[in-house]
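The values are calculated or read from the model by the stated rules, or taken from the named source; none is laboratory data. Bear in mind the structure is a predicted one, so any value in this text is a computation, not a measurement. When we count neighbours, we look across all protein chains shown, and the Cβ atoms used for this are built from the backbone with ideal geometry, even at glycine. Surface accessibility is based on the protein's heavy atoms, side chains included, excluding ligands, DNA and RNA. Shrake-Rupley method; radii C 1.70, N 1.55, O 1.52, S 1.80 Å.
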Amino acid sequence: MRLQGPFAFIASVSLAATSVLAHVSLKTPCVRYSPYCTGCPALPAGQSLDYSINAPIGTNQYVSQPLCKYTTPYATPAVTWTAGETVTVEFNPHAAIHSGGHCSFSLSYDGGKTFVVVHDELRYCFLGAKPSALVNTAVILSYSFKLPESLPSSDRAVFAWSFINSSGNREFYMNCADVAIKGASSGSFSGPEMLIANYGPNSPTIPEFNGDYETGIDLFNSRRNITVYGNGAQQAPASPVQGSYAEPQPSSIDGSSAVATLPAIPSMAPTPPAPLPSANSSGKGKFTMVPAPPVTSEAPAYNGYAAPSTALFTTVSTVPTSLPAAASGGYVAKSPHAAYTFTLPKDLPSSDSAVFSWSWVNASGNREFYQNCADVVIKGTGSKSYTGKKMVIANVSGYPTIPEMVNDYNIGVDLYNNADKVTVTGSGSSSSSGGNNAPKKDSDNIPSPTAAAPAPTETKAATAPDNNSGGCTHGAMNCASGSSGYEVCVWGTKTPMPCAPGTTCKANGAGSILCA
């Protein structure tokens with residue numbers, strides 16, 4: 001059994017807005033260095049699997065990886081396709097798709113320098129139709145389309161999927177697979193060049209759609225035509241060719257090419273437990289939970305255990321869960337546990353404005369932290385205070401990093417075992433016995449890959465409660481000096497939070513801020 005999920009109450013609230021990057025990657029054909037594909041060729045010498053294969057390769061502010069993510073191909077093709085045949089591409093089910101957007105499927109005959117589009121799924125990629133609201137769960141995870149009959153032959157072609165998301169940070173996604181093409185005797189193919197946008201400041205920026213799924217379509221319609229050859233050569237007109245390419249309509253609308261739909265991945269937000277027994281029930285105490293609806297995380301479900309929080313959270317339960325069956329060499333995207341039940345401490349103080357929190361550090365993938373909160377009422381037994389462990393803050397800029405667990409689910413448990421004690425009172429005050437989870441010094445680092453800190457896409461300032469104190473209004477948020485981050489007022493004290501690399505904090509009107 002392994003530690004899995006601290007749940008916590010706080011007598012005082014701390015606000016910190018975060019945004020989780022979209023996550024999505026190809027599953028079939030096998031893309032370069034993905035740990036989530038099967039039947040892949042052997043890794044090239046000196047290369048390793050990329051457990052962040054779902055992440056974007058850049059944003060409109062900066063470029064984080066080259067086109068394709070990796071430029072060293074597999075020694076042998078992952079699949080052989082024939083010109084004119086219908087092929088199926090599949091995506092990993094742990095997809096967070098940021099309200100759909102524009103997908104293109106392309107081929108390169110010159111080692112990944114230029115890509116010619118063979119199929120588009122514009123506007124509603126992963127959805128099939130316009131959503132009525134922001135959505136992060138894919139409806140369609142598989143597309144089938146016919147390859148052009150005039151594709152030239154190549155033993156070293158590169159197949160690419162690229163994606164521009166509708167909502168959230170302005171990002172560009174791309175995965176590549178090494179493929180062989182048995183083509184026509186013509187030896188060349190002409191089509192639109194793959195559009196690259198939201199990939200550094202020198203590329204076009206396609207803004208958030210905000211419900212308008214025609215956003216960016218003009219750029220797709222004005223792509224230039226290029227001609228590719230089986231020997232790797234390519235030529236293109238000097239300027240874009242308007243109207244020379246009939247935009248493929250999303251085949252998912254009539255279902256002719258959407259070959260599979262998967263059920264939604266359940267949120268990892270905790271399900272409110274069953275009503276607690278009354279005061280005369282042995283060992284349960286007099287506590288009534290009245291939770292507000294929790295905010296649903298945009299994150300996919302990875303196994304792991306909770307960590308992130310603020311210094312004012314105190315842990316009331318750490319829920320044990322069995323090691324996932326796939327820990328011996330696989331990947332688990334769907335949680336087998338949809339709910340947890342635990343006993344509240346008897347000596348919790350009463351509060352009409354407590355906040356219940358679930359928080360979590362994932363085992364695999366990008367080093368991230370997740371947190372949902374619900375407003376609750378606590379009916380205590382007369383105790384004025386409660387002492388417990390602080391919730392661990394990890395995988396946040398300035399705090400310790402818990403690396404990928406890679407089948408060792410004891411990684412990071414020492415941070416939980418050594419967490420400092422904190423005492424909370426019904427009045428909203430708190431005191432701490434130490435600083436084991438204070439912002440890290442160089443000596444606090446746990447070796448791990450570098451991960452960018454999440455940043456808010458938009459954060460609304462909270463309504464000030466009655467018991468403000470100190471030099472700021474509780475819940476107020478403002479950009480910090482230099483705009484490299486922002487500050488959140490927590491009961492009179494300003495708490496600094498960083499923006500992600502390449503972004504700066506900006507006022508967004510009506511008490512809102514964003515990092516962009």
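Tabulated values for the structure
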| quantity | calculated |
| --- | --- |
| Distance in nm between pseudo-label sites at VAL377 and LYS421 (7 Å out along the Cβ direction from Cα) | 3.2 nm |
| Whether segment 40-178 is rounded, prolate or oblate, judged on the alpha carbon gyration tensor where a/c under 1.5 counts as rounded | oblate |
| Under 5 Å, built H, 5+ apart or other chain: amide partners of ARG224 | GLU193, VAL241 |
| Simple Cβ-charge dipole of segment 19-178, Lys/Arg +1 and Asp/Glu -1, about Cα centre, in debye nearest 20 | 300 debye |
| Prolate/oblate/rounded call for segment 104-214, Cα gyration tensor, a/c under 1.5 rounded | prolate |
| Environment charge of THR86, counting only residues whose C-beta is closer than 13 Å and scoring Lys/Arg +1, Asp/Glu -1 | -1 |
| Point-to-point label distance, THR88-LEU43, nm (Cα→Cβ direction, 7 Å offset) | 2.9 nm |
| Hz values of 3J(HN,Hα) by residue in segment 162-171 - Karplus curve (6.51, -1.76, 1.60), Gly and Pro given as x | 10, 8, 10, 6, 6, 10, x, 3, 7, 10 |
| Residues whose placed amide H lies under 5 Å from that of VAL488, excluding near-sequence neighbours | THR495, MET497 |
| Amide proton proximity set for LYS421, modelled H, under 5 Å, gap of 5+ | LYS390, SER433, GLY434 |
| Surface/4 of the Cα convex hull for segment 72-115, nm² | 5.1 nm² |
| Residue-count net charge about GLY111 - beta-carbon cut-off 15 Å; Lys, Arg +1, Asp, Glu -1 | +1 |
| Percent of C-alpha pairs per 10 Å bin, segment 343-406, short to long | 18, 38, 25, 18, 1 |
| Nearest-10 value in Å² for the accessible area of MET497, using the 1.4 Å probe | 40 Å² |
| Model label zone, VAL79; criterion: amide N under 17 Å from point 7 Å along Cα-to-beta-carbon; scope segment 40-67 | 40-42 |
| For segment 139-156, Karplus couplings with θ = phi - 60° (6.51, -1.76, 1.60), whole Hz, Gly/Pro x | 9, 10, 10, 8, 10, 10, 8, 8, 6, x, 6, 9, 4, x, 6, 6, 8, 9 |
| Surrounding net charge for GLY485, when Lys and Arg each add one and Asp and Glu each subtract one, Cβ distance under 13 Å | +1 |
| Of LEU107, ALA95, SER144, farthest towards positive along the dipole that unit charges on Lys, Arg, Asp, Glu beta carbons give segment 71-161 | ALA95 |
